[in-house]
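Below: one structure, written as structure tokens.
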Amino acid sequence: MSVRIEKSHVLVVEGKDEELFFAALIDNCKNELNLPDIQILPIGGKSRLPGNLKALVNSPGFTKVISLGIVRDADEDARAAFQSICSALGSAGLPVPPAPLVSAGSNPSVTAVVLPGDNRPGMLEDVCLAAVQDEPALLCVKQYFECLQNMSLSLPRQISKAMLQVFLASRPEVGKRLGEAALAGYFSLSSDTFGQLREFLRRMSV
């Protein structure tokens, strides 16, 4: 991971979709929460977090970082995901938070969040699906996957990702990925569904 640190607040995310999503979310709540400028760094997958955190610490400008936020999906096990973050932080010589959404250390202070939150399995796509629960198109999406089951056809391994892609295909401009959809305003980022993520941004900005 070769980057130049340009901001005093750095947010580490998994990939490009997460980078664009959080750019949209930060833009949405920046004034409300009085957020500072935040540099978002995609690491190219959770498996690269340990090595890339070590590289980040040695990157030009890291000494100016006063707050570091880390986001990753829970996948099948939220507790294991958080422990993976803690292990990577410890190996990089960074402060280790005692729990998600609880900051630790200073210069940098470190805050982490595991999605979808509340120790549940899942991913960012689950949060976005929850945000569109009242959309009429989502009923059609659910019926599509029920149809696949009724036809004894195999369902995608990551059903939440697949459901979100089908939902996004119902929007006026098809072909957008999650991050692009967030920037296009396809999710109501001010809704309570994203409240935990806004709180995470607030805490890493204190």
ask   = Among the GluC sites (Glu not before Pro) within the stretch 148-206, which fall in a DSSP loop and have no more than 10 other Cβ atoms within 10 Å of their own Cβ?
value = E173
query = Can you sort I66, I43 by how many other beta carbons sit within 10 Å, fewest first?
reply = I66, I43
key: Per-residue Cβ neighbour rank within 10 angstrom, fewest leading, S160, S190, S154   = S154, S190, S160
query = So how do D134, D73 line up by other beta-carbon neighbours within 10 Å, fewest first?
reply = D134, D73
task = Sort 31-39, 45-53 for me by packing, meaning the mean count of neighbouring Cβ atoms within 10 Å per residue, highest on top.
result = 45-53, 31-39
message = If you restrict to DSSP beta bridges whose two residues both lie in the chain, what percentage is antiparallel, to the nearest 5?
response = 10 percent
task = Using the Kyte-Doolittle scale, find the helices of the chain whose mean hydropathy is at least 0.0 and whose Cα atoms extend 15 Å or more along the helix's long axis, counting only whole DSSP H runs.
result = 78-91, 136-150
key: Estimated [θ] at 222 nm from DSSP helical runs (n ≥ 4, -39500 (n - 2.57)) normalised by residues in the chain, nearest 500   = -13500 deg cm²/dmol
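Bear in mind these aren't lab numbers, they're just calculated from the coordinates by the rules spelled out. Predicted model, so just to flag it, every value in this text is computed and none were measured. With ideal geometry, Cβ positions are generated from the backbone for all residues, glycine too; neighbour counts draw on all protein chains shown.
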